[in-house]
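Below is one structure, written out as structure tokens; comments come after it.
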Amino acid sequence: MHTLNSLRADNCAFAFIDHQPFVAFPVASINQSELINNVAGLAKVARSLRVPTILSTIMAKGGPLNDPLFTQLSSLFPDLSPIDRNNTNAWSDPAFVSAVEATGRKKLVMCGLWTEVCLAQTVVSAIEAGYEVYFVADCSGGVSIEAHEEGKRRMIQAGAIPITWMAVMAELCPDNSAPEYQSLYPVVLEHGGGVGVAVQYVMAQLATAAVAA
């Protein structure tokens with residue numbers, strides 16, 4: 001029997017938490033270039049499929065540092081102002097909670113820095129508030145591999161579902177014949193690594209077949 005995927009573009013919202021240069025400096029569980037690539041890829045999926053998106057920062061302004069979002073993320077949502085906070089738990093900020101509630105979605109796809117601190121605290125609180133939460137492991141990072149893994153373990157024990165950014169994309173758009181699927185080709189080509197290479201190959205074969213026809 002066919003069943004719809006649990007995550008769909010019309011039933012979830014995305015939250016990117018603290019993807020900022022200074023916050024990213026100590027991250028050691030993932031290569032910085034890979035982290036930025038994955039975050040940008042996931043953000044482009046959200047934009048392409050028009051999934052409601054929330055951006056949040058911690059002490060990005062008004063403190064001793066000016067630490068805005070990665071430009072690779074902020075440039076994709078020029079009209080979306082990040083919710084800046086002082087508390088490591090984004091869920092403690094009424095503006096963040098209000099932004100989530102305004103989406104009308106009960107499924108949340110979250111990622112952030114650091115996995116074991118801001119992300120884990122926010123995810124656990126969202127679950128306690130009655131939301132179903134997926135955390136994107138390869139768009140998040142901890143100050144060590146152990147910290148990242150223990151942060152993931154904590155979220156899973158609380159009921160969160162681990163996922164990766166390309167798995168999110170595939171879950172939101174599983175129909176290879178859908179127009180939305182083709183709109184994601186540029187995202188995969190730019191950010192998909194080996195999968196992007198495979199897409200290049202498929203597109204070349206399709207072009208060859210079209211010429212032959």
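The values are calculated or read from the model by the stated rules, or taken from the named source; none is laboratory data. Values in this document were obtained by computation on a predicted structure and should not be read as measured data. Please note: Cβ atoms are built from the backbone with ideal geometry, for glycine as well, and neighbour counts cover all protein chains shown. When the accessible area is computed, the model is the full protein with side chains, heavy atoms only, and any ligands, DNA or RNA have been set aside. Shrake-Rupley method; radii C 1.70, N 1.55, O 1.52, S 1.80 Å.
Gaussian network model of the chain, Cα springs within a sub-10 Å range: biggest mean-square fluctuation belongs to which of A129, A170, A60?
A129
Could you work out which residue, out of V39, V27, V199, moves most in a Gaussian network model of the chain, that is, has the largest mean-square fluctuation with Cα springs under 10 Å?
With Cα springs under 10 Å in the chain, the top fluctuation among V39, V27, V199 is at V199.
What is the helix-to-structure angle for 194-212, meaning the angle in degrees between its Cα long axis and the longest Cα principal axis of the chain, kept from 0 to 90 and rounded to the nearest 10?
30
Taking amide H positions as placed in the peptide plane 1.01 Å from N, state which residues far from I83 in sequence (5 or more) or on other chains have amide H under 5 Å from it.
Residues meeting the amide H criterion: L55, S56, T57.
How long are the semi-axes of the ellipsoid equivalent to the range 94-213, from square roots of 5 times the Cα gyration tensor eigenvalues, in whole Å, largest first?
Taking √(5λ) for each Cα gyration eigenvalue gives 35, 18, 10 Å.
Counting only C-alpha contacts under 8 Å and six or more residues apart, can you give the relative contact order of the chain as a whole percent?
It comes to 26 percent, rounded to a whole number.
What's the carbon and sulfur percent of the chain's accessible surface, probe 1.4 angstrom, rounded to a whole number?
57
When the helix-only estimate is applied to the chain (DSSP H runs of n ≥ 4, each -39,500 (n - 2.57), divided by the residue count), what is the mean residue ellipticity at 222 nm, nearest 500 deg cm²/dmol?
Result for the chain, helices only: -13500 deg cm²/dmol.
Distance in nm between label sites at I156 and E180, each 7 Å beyond Cα in the beta-carbon direction?
With each label placed 7 Å out from Cα toward Cβ, I get 2.8 nm.
Every cysteine in the chain with no other Cys Cβ under 4.7 Å from its Cβ, please list them in numeric order.
By the Cβ distance rule, which asks for a partner under 4.7 Å, the isolated cysteines are C12, C118, C173.
Taking the Cα-to-Cβ direction at L189 and at Y201 and moving 7 Å from each Cα, how far apart do the two end points lie in nm?
1.8
Can you pull the three principal axis extents for the Cα set of the chain, in Å, largest first?
62, 39, 36
Any idea of the accessible area per residue across the range 1-158, 1.4 Å probe, to the nearest Å²?
Here the residues of the range 1-158 average 45 Å² of exposed surface.
Mind listing the Cα extents of the range 100-171 along all three principal axes, in Å, largest one first?
35, 27, 19
Rounded to whole Å, give me the distance from the Cα center of the range 134-159 to that of the range 61-123.
17
For q values of 0.17, 0.21, 0.22, 0.24 Å⁻¹, compute log₁₀ I(q)/I(0) with the Debye formula on a Cα-only model of the range 41-154, without solvent.
Once normalised to I(0) and log-transformed, intensities are -0.87, -1.37, -1.49, -1.67.
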